[in-house]
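Quick notes on the structure that follows.
The values are calculated or read from the model by the stated rules, or taken from the named source; none is laboratory data. This one's a predicted model, so the numbers in the text were calculated from it and none came from an experiment. Note that we place each Cβ from the backbone using ideal geometry, even for glycine, and neighbour counts take in every protein chain shown. The accessibility values were calculated without ligands, DNA or RNA, using every heavy atom of the protein model including side chains. Shrake-Rupley method; radii C 1.70, N 1.55, O 1.52, S 1.80 Å.
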Amino acid sequence: MDLDHLMLNGEQGGPSVKISAASRSRVDFEMTGADLSFANSIRRVIQAEVPTLAIDLVEIEINSSVLADEFISHRLGLIPLVSKDVKDLRYSRDCDCDQYCDACSVRLSLHAKCMSDEILKVYARDLIIDSSRKSADLGTPVITDPEGHGSLICKLRQGQELKLQCIAKKGVAKEHAKWMPTAAVGFEYDPHNKLHHLDLWYEEDAQKEWPKSKYAEWEEPPQEGEPFDYNAVPDRFYFEVEGVGVLDPDEIVQGGISVIQQKIAELIHVISGRGPENAVEDEFGGPRSPDMAMDGNPWQDTAYATTPYGNAGNQSTWGGAATTPYATTTPYGNSGQSGWS
């Protein structure tokens, strides 16, 4: 689908978007009628807060390969999974199940055994969905290589076997990079550096050592002797969004806008005096990590309700009653005490 130079105007003089190039994997667009803070918020949100699906739990039954269980689990977690209908999944904290179910997760299984002298390569295509869901594509590994193999998981020699089950859950990239829907997000404004937001260090010739981007041709260059405008602000922003296949580029951008709308709605809800305790979680909760169930934590509606070092918000991450990876005992004594006491 070719969307070159499609203009989308915002309502009531709001931001407008001009799409200069689009494909199945990326979209380039120009945003005008917005300030720098709003444009940058779009960039940050589409990178870190658009929900996707990724393998979060791995239950290994047999692993006689040369790779450790943790190594294989890490590789499985980074395999991109189709997330087009991820909105139909619940976050784990919102589900009534004990650990996972079809309402909050997608199960995938893998069983491979090498029976010949040749090395057997295990690819992402060997992952099979076990869940019974309406969407047959949700959770399917993204395969973009011409051979149709997908990501390489491991190699097996004769007699070696790998048998496991994966649990994919809904999450966001600000908790872990495996939930990131993009490979890269380019963001640029003021290609001629008229505003002097950048101090371009150079040795001899700044023009040669700092070549202009392609967007420099879209704007008028500064004139010699032109006085500097101290009140000037950027008003044209250039985005280049490259996806990894889990979502179409337009879905990533629209998902980011939806997240911003949720954040603004929650802010208005709090300012209006109704308070977060009366908010409808599905409407104002926003993106979260998959494991967020706490008892009585006043920060339970935020994305940082727990950290690897304890409960966030009203406690120090290293002290108090926070639960740490060393919550029981350490070689030097009980957790929460000085290691030398």
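Scan the stretch 95-114 and tell me whether some residue there is open to solvent by less than 20 Å² (accessible area, probe 1.4 Å) and either in the same structural domain as Val253 (by the TED database) or closer than 30 Å to Gly186 by Cβ (or both). Taking every residue of the stretch 95-114 in turn, none turns out to be open to solvent by less than 20 Å² (accessible area, probe 1.4 Å) and either in the same structural domain as Val253 (by the TED database) or closer than 30 Å to Gly186 by Cβ (or both).
Of all the criteria given as (1) part of a helix (DSSP H, G or I); (2) closer than 30 Å to Ser131 by Cα; (3) not aliphatic (A, V, I, L, M), the one not satisfied by Glu217 is (2).
The residue that is nearest to Thr52 (Cα to Cα), counting only those in the stretch 240-254 that are in a helix (DSSP H, G or I) and open to solvent by less than 20 Å² (accessible area, probe 1.4 Å), is Ile252.
Has the stretch 183-199 got at least one residue that is in contact with a strand residue (DSSP E or B) (Cβ under 6 Å, 6 or more places away or on another chain) and part of a loop (DSSP other than H, G, I, E, B)? The answer is no; no qualifying residue exists.
Among the residues of the stretch 244-267, some residue qualifies, meaning at least one is among the charged types (D, E, K, R), in contact with a strand residue (DSSP E or B) (Cβ under 7 Å, 6 or more places away or on another chain) and modelled with pLDDT of 55 or more. Close Cβ contacts (under 6 Å, 6 or more residues apart or on different chains) running from residues in the stretch 249-270 that are under 17 Å from Trp179 (Cβ atoms) to residues that are of a type in the set (Asp, Glu) comprise Val259/Glu49. Here Gly148 meets each of (1) in contact (Cβ under 8 Å) with a residue 24 or more places away in the chain; (2) under 30 Å from Ser73 (Cβ atoms); (3) touching a helix residue (DSSP H, G or I) at 6+ places or on another chain (Cβ under 9 Å) with one exception, condition (1).
To keep it simple, each residue is scored yes or no on (1) surrounded by 14 or more Cβ atoms within 10 Å (Cβ to Cβ); (2) over 16 Å from the mean Cα position of the chain (by Cα).
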position	(1), (2)
Ala21	no, yes
Arg24	no, yes
Thr32	yes, yes
Gln47	yes, no
Asn63	yes, yes
Gly77	yes, no
